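Report on one structure; see the data block that follows.
The values are calculated or read from the model by the stated rules, or taken from the named source; none is laboratory data. Quantities reported herein were computed from a predicted structural model and do not represent experimental measurements. Note that we place each Cβ from the backbone using ideal geometry, even for glycine, and neighbour counts take in every protein chain shown. When the accessible area is computed, the model is the full protein with side chains, heavy atoms only, and any ligands, DNA or RNA have been set aside. Shrake-Rupley method; radii C 1.70, N 1.55, O 1.52, S 1.80 Å.
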Amino acid sequence: MLDKATKFTELIEDNQGIIHKICRIYTDDEFSHEDLFQEIVLQLWRSFDSFKGNSKFSTWMYRVSLNTAIVLIRKKKRTIEVSSLENQLFNIKADDIDAETEERLQLLYAAIKMLNDVERALVLLYLEDLPYKDIADTLGISEVNARVKMNRAKIKLKELITKMEQ
């Protein structure tokens, strides 16, 4: 049987994409991304004993990660924002994505960042193709509420993207 630290490390390595996606949605630069990633892993470690296996590990991981990101973002909103050169130049490009697709993705991410914290979390989980039941469990809301909030978020995203394209 694996010890706690080894098991935790394996689960984080297998699911680290979840953390990176959350970090990309809630941060604007590489340094903030790294800080949030570290804080999420720390919170996951602190909470690891509370994971009882009643849900999938990824569902539990989303919940802890999103809560950590939202709490940190709300704390930072109370402080003075400083814009750095990295904020303006931060752009990750995948080799297999054409320029038009990359531009649409950047537009989508920019619009997602304009949503409130809960809407951002909801859209992120939706884009992961999670069923509404898992989204609801992760966010601690009812499945019906998740569907309603997602429909509203879609409308809001369409409006934001239309405004940004003009």
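Here are a few things to note about the model shown:
- Selection count, segment 6-32, where residues are in contact with a helix residue (DSSP H, G or I) (Cβ under 9 Å, 6 or more places away or on another chain), without any contact (Cβ under 8 Å) to a residue 24 or more places away in the chain and within 26 Å of ASP49 (Cα to Cα): 4
- Within segment 127-138, the set of residues being under 17 Å from ARG152 (Cβ atoms) and modelled with pLDDT under 90 comprises LEU127, ILE135, ALA136.
- Exactly one residue out of ALA94, ALA121, ALA99 is hydrophobic (A, V, I, L, M, F, W, C), open to solvent by 50 Å² or more (accessible area, probe 1.4 Å) and modelled with pLDDT under 90, and it is ALA99.
- Residue within segment 13-26 that is closer than 17 Å to VAL71 by Cα and among the hydroxyl-bearing types (Ser, Thr, Tyr) present: yes
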